[in-house]
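Participant: Quick one: the structure is below, questions incoming.
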Amino acid sequence: MWLSLCKKIETWIETLIFASRWLLAPFYLGLALALVVLLIHFTKEFVHVALHAFSATEAEAILGVLSLVDLALTGSLIVIVIFSGYENFVSRVDHSGHRDWPEWMGKIDFTALKLKLLSSIVAISAVQLLKQFMDVSKISDRDLFWYVTIHLVFVASSVLLALSDRIASSTESHVKPDTKHLPGKATE
């Protein structure tokens with residue numbers, strides 16, 4: 001009887017823990033709404049760049065376009081987090097009825113998600129750094145040093161993460177279970 005009660009409690013706790021993954025769904029909905037905020041800012045920036053296209057210098061035009069690229073990369077990063085996070089941690093999405101469903105969606109595991117996130121952050125950091133270089137006369141050497149340092153930290157972090165994931169996956173593929181001694185398996 002005691003064992004039966006413990007098993008019921010264990011099952012109830014596991015069911016509750018498993019169902020708690022749905023608490024993440026509002027986070028992903030919030031990120032989807034954050035895309036609207038980014039779109040508003042993108043539109044504002046685009047209108048600003050377009051209105052000043054004829055009067056802006058080449059450097060100002062490039063800076064404006066880099067701001068648009070930066071916002072687009074950030075939006076893409078949010079989409080990656082929404083879809084991959086939802087599929088990895090909450091529930092699978094039935095995309096069979098969607099003809100234009102991107103191939104990568106639904107196939108990104110947590111390791112690939114980390115790498116995509118870091119590569120997007122490195123790209124965003126590179127755009128920010130390029131924007132600072134385009135306007136280098138208005139930025140202090142100290143600030144420029146920190147922009148470069150932060151970018152290099154992002155690059156080094158992504159390289160180290162990719163390396164550690166590659167090492168981990170290669171050691172996992174070399175460790176194969178010994179099936180010769182498992183019950184029900186024939187031995188040689």
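The values are calculated or read from the model by the stated rules, or taken from the named source; none is laboratory data. Bear in mind that the values here come from a model prediction, so they are computed numbers and not experimental data. All Cβ positions, even for glycine, are placed from backbone atoms using ideal geometry, and neighbour counts span all protein chains on display.
Participant: Cβ-Cβ under 6 Å, sequence separation 6+ or interchain: first residue in region 75-86 and under 13 Å from Leu115 (Cβ atoms), partner part of a helix (DSSP H, G or I). Which pairs?
Facilitator: From region 75-86, the pairs are Leu77/Ser120; Ile80/Lys116; Ser84/Leu113.
Participant: Here is a follow-up. Residue by residue through region 69-101, note down the ones that are assigned to a loop (DSSP other than H, G, I, E, B), touching a helix residue (DSSP H, G or I) at 6+ places or on another chain (Cβ under 9 Å) and either of a type in the set (A, V, I, L, M, F, W, C) or under 30 Å from Gln132 (Cα atoms) (or both).
Facilitator: Of everything in region 69-101, those that are assigned to a loop (DSSP other than H, G, I, E, B), touching a helix residue (DSSP H, G or I) at 6+ places or on another chain (Cβ under 9 Å) and either of a type in the set (A, V, I, L, M, F, W, C) or under 30 Å from Gln132 (Cα atoms) (or both) turn out to be Val90, Val93.
Participant: Right, here's the next one. Can you tell me which residues in region 45-68 are surrounded by 11 or more Cβ atoms within 10 Å (Cβ to Cβ), assigned to a helix (DSSP H, G or I) and modelled with pLDDT of 90 or more?
Facilitator: Scanning region 45-68 gives Glu45, Phe46, His48, Val49, Leu68.
Participant: Looking only at residues in region 135-154 that are buried (at least 16 other Cβ atoms within 10 Å of the Cβ) and touching a residue at least 24 places away in the same chain (Cβ under 8 Å), which one is nearest to Ala56 (Cα to Cα)?
Facilitator: Checked region 135-154; the qualifying residue nearest to Ala56 (Cα to Cα) is His151.
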